[in-house]
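Input: a single structure, listed below in structure tokens.
The values are calculated or read from the model by the stated rules, or taken from the named source; none is laboratory data. Please read all numbers here as calculations on a predicted model, not as lab measurements. Heads up, the Cβs are rebuilt from the backbone with ideal geometry, glycines too, and the neighbour counts pull from every protein chain shown.
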Amino acid sequence: MNTKICKGCLAELDTELFYADKKSLDGFRHKCKLCMNLYRKTHYATKSREKEALKSSKWKVNNRELSRAYCAKWRQRNKHIKAEHERVRKARNKNAKPSWLSAEQKKKIQWYYLVAGLVRKQGIDCQVDHIVPLLGLEVCGLHVPWNMQILTTYENQTKHNKH
Ligand SMILES: [Zn+2]
């Protein structure tokens with residue numbers, strides 16, 4: 001198996017996770033597929049965010065702070081609800097994490113979280129998303145690399161849950 005270090009996330013990955021590039025010496029792009037795809041996405045997200053920032057007036061900013069303070073208060077008062085959510089989330093993740101994953105596949109999962117972390121460092125909010133939700137209405141997805149994708153918060157909110 002050939003590996004290559006991605007210039008974006010700096011992870012050492014299987015070359016099948018790189019797009020081919022005839023002009024490059026080793027025949028592959030410098031950045032892995034995930035980094036390449038995210039570059040376009042984050043580029044777009046930054047642009048629309050800049051537009052949004054221009055539009056937003058001081059009033060809006062002040063309001064946002066108020067609502068943030070309100071949310072913080074609410075969370076403070078309803079700590080037990082959050083703890084319960086957290087408990088359910090953990091139990092669900094545990095059930096969805098198969099023990100038969102290979103080391104290579106586990107590495108791939110970490111890679112998704114690594115790249116998502118890098119994107120967040122650029123100031124773009126994003127999450128590792130399960131394509132088939134771990135707790136769907138009819139089917140339950142698994143915590144496995146082929147059920148994962150990185151979505152910006154905006155995409156995540158607008159994603160239709162088909163399962
Ligand atoms: Zn990468």
Checklist entry - If you check Ala83, Ala96, Ala116, Ala72, which single one turns out to be in contact with a strand residue (DSSP E or B) (Cβ under 9 Å, 6 or more places away or on another chain) and farther than 25 Å from Cys6 by Cβ? => result Ala96
Checklist entry - Which residues, taken from the stretch 105-120, are closer than 13 Å to Leu38 by Cα and more than 13 Å from the ligand (Cβ to nearest atom)? => result Arg120
Item to check | Test: residue in the stretch 36-54 that is within 16 Å of the ligand (Cβ to nearest atom), of a type outside the set (Phe, Trp, Tyr), exposed (fewer than 10 other Cβ atoms within 10 Å of the Cβ) and at pLDDT 80 or above | outcome: yes
Next on the checklist: Given the criteria assigned to a helix (DSSP H, G or I), surrounded by 10 or more Cβ atoms within 10 Å (Cβ to Cβ) and within 18 Å of the chain's Cα centre (by Cα), does Val115 qualify?
Outcome noted: yes
Checklist entry - Of everything in the stretch 1-35 that's assigned to a loop (DSSP other than H, G, I, E, B), near the ligand (Cβ under 9 Å from one of its atoms) and touching a helix residue (DSSP H, G or I) at 6+ places or on another chain (Cβ under 7 Å), which residue is nearest to Gln110 (Cα to Cα)? => result Ala11
Next on the checklist: Please determine whether any residue of the stretch 123-132 is modelled with pLDDT under 80 and either part of a strand (DSSP E or B) or of a type in the set (Asp, Glu) (or both).
Outcome noted: no
Checklist entry - Is at least one residue of the stretch 62-83 modelled with pLDDT of 75 or more, part of a loop (DSSP other than H, G, I, E, B) and either within 25 Å of Pro133 (Cβ to Cβ) or not basic (Lys, Arg) (or both)? => result yes
Item to check | Yes/no for Arg77 being at negative phi, without any contact (Cβ under 8 Å) to a residue 24 or more places away in the chain and under 23 Å from the mean Cα position of the chain (by Cα) | outcome: no
